[in-house]
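Values in this text are rule-based calculations from the coordinates and carry no lab data. Note that the structure is a prediction, hence the values are computed from the model and not measured. Positions of Cβ are generated from backbone atoms using ideal geometry, with glycine treated the same way; all protein chains shown enter the neighbour counts.
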Amino acid sequence: MAISGEKVMSTRLMVKVAALLCAFAMGAAAPARAQSLLDRPPNLSGDWVVNMGTVQFNFLHRFTSSDAPVRKVSNFPTFLVGVGLPQHTMIGFNYATNSTLAPRYPNEWEFFGRWMPVSEDGGAPVDIGGQVGYNLAVSGVDGELSIARRIHRMRVIGAFRVLSNPYKSGEVQVAYGGGATIKLGQYISLAGDATALSQRDSARGEKVAWSGGVHLAIPGSPHSLSIQASNANTTTLQGASRGGDEIRYGFEFTIPLTLSRYFGRESPPSPPTPAAAAPEPAAAIAAAGDTAAPAQPTPIVAAAPANPAVPARVPTRTPAPAPTPAPASAPAPAPTPARAPAPPKPAKPAVVVKSGMRNLAFSSSTLTIAAGTTVAWTNNDPLPHTVTAVDRSFDSGSIPSGGVYRRTFTKPGTYQLFCIPHPFMKVRVVVQ
């Protein structure tokens with residue numbers, strides 16, 4: 001199979017760019033937010049992103065088997081490598097070693113950039129993301145806009161794609177897709193999706209692309225695994241929008257590389273030495289506890305006469321004058337009825353801010369709240385976490401998978417928090 005020299009040079013250039021992306025990620029050190037397969041179906045990414053300092057590696061392997069007596073197994077692997085950047089952005093590539101998208105060109109490269117400005121983990125009602133990429137096999141630019149929302153145990157995703165036509169240069173195609181995942185438990189979900197081109201080429205056998213699978217989270221780790229089937233070849237925007245007659249079975253495995261976990265790992269902060277408690281001032285004690293004792297009557301003792309021969313003189317009392325009757329006064333006014341006390345003001349409803357931990361990272365690195373607000377952290381990982389103050393003024397203890405920890409912040413200030421088992425997980429709470 002011949003491949004043009006221009007294509008070979010382009011492939012070499014793209015390999016070098018991929019190596020540079022990995023080298024850039026090796027120099028970063030920030031908490032990670034990787035992707036779990038429990039959150040999306042096989043052919044829809046939902047335009048997820050990872051945090052800065054994280055390399056996301058996904059390995060998708062699909063295969064077909066020919067009929068008897070040959071029963072040849074043909075493999076269709078796709079590799080994804082992504083690097084998180086600031087401002088909820090991510091750059092990466094998909095590489096398929098056995099693509100059927102372009103004739104005589106099986107090595108399909110898709111280099112992309114993603115941005116998720118709105119997310120439910122950040123407090124928004126939906127997830128909104130976008131992707132722009134360049135597909136080397138098509139020699140064209142592709143784009144996607146997606147929206148997703150969690151509804152109880154289900155997460156629904158919709159996607160709109162604008163694609164370069166691989167068969168007619170300069171033409172544009174439009175595709176619509178949708179899918180969902182349904183959680184059956186903490187570590188398992190069912191997923192499915194379908195995507196259709198607005199104009200399919202029946203001569204080339206193009207059909208609606210679909211996929212379905214059983215997705216598993218691996219307890220005690222940030223990894224996830226999917227067992228799936230699809231009539232699509234690859235998971236690039238082009239490949240995931242074009243279905244065929246063949247059903248391919250396979251699996252996908254996600255590996256987030258949290259570089260700060262392995263390079264320059266920080267040890268958990270030591271608890272501060274408790275200072276000796278100052279004695280309570282005496283004045284404060286007196287003011288708080290002393291009460292005046294009631295005055296006791298002084299007994300009157302009669303004095304003995306100086307000379308017993310002289311009888312004691314008995315004092316005579318002058319009768320008090322009769323009281324003068326008070327002049328008649330005006331009748332006392334009728335008492336004013338007491339004013340009813342004002343009804344108590346209704347208490348202000350408690351303010352609760354929802355946050356959480358997902359894939360070895362706090363959902364938000366900084367939370368700015370008003371005094372009196374309660375923050376509720378939900379552990380969305382298959383492994384336990386803690387919410388611990390750096391000064392050890394409070395500690396949530398181990399929060400199991402699916403557990404919730406609530407804390408009300410009443411005093412203004414800045415609180416630095418971290419997770420004891422994973423000290424690279426940090427969050428700052430600013431109370432105003």
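Summing charges over neighbours of N135, with a neighbour being any other residue whose Cβ is under 9 Å away from its Cβ, gives -3 when K and R count +1 and D and E count -1.
Can you tell me the order of 87-98, 395-406, 231-242, 56-67 when each peptide is scored by its average per-residue count of other Cβ atoms within 10 angstrom, highest first?
Values: 87-98: 19.7, 395-406: 14.7, 231-242: 25.9, 56-67: 16.6.
Going by the mean number of other Cβ atoms within 10 Å, highest first, we get 231-242, 87-98, 56-67, 395-406.
Of the residues V141, N94, A196, the one whose Cα sits farthest toward the positive end of the charge dipole of the stretch 86-213, with +1 on the Cβ of Lys and Arg and -1 on the Cβ of Asp and Glu, is A196.
Using a cut-off of 14 Å between beta-carbons, work out the net charge of the residues near F79 (Lys and Arg +1, Asp and Glu -1, F79 not included). Write down the numbers at each step before the final one.
Values: positive: R62; negative: E108, E110, E252.
Taking every Cβ under 14 Å from that of F79, the sum is -2.
Just add up the charged neighbours of D245: K/R +1, D/E -1, any other residue whose Cβ is under 15 Å from the Cβ of D245.
On the way: positive: R62, R200, R204, K207, R242, R248; negative: D67, D201, E206, E246.
Within the 15 Å Cβ shell, the charges total +2.
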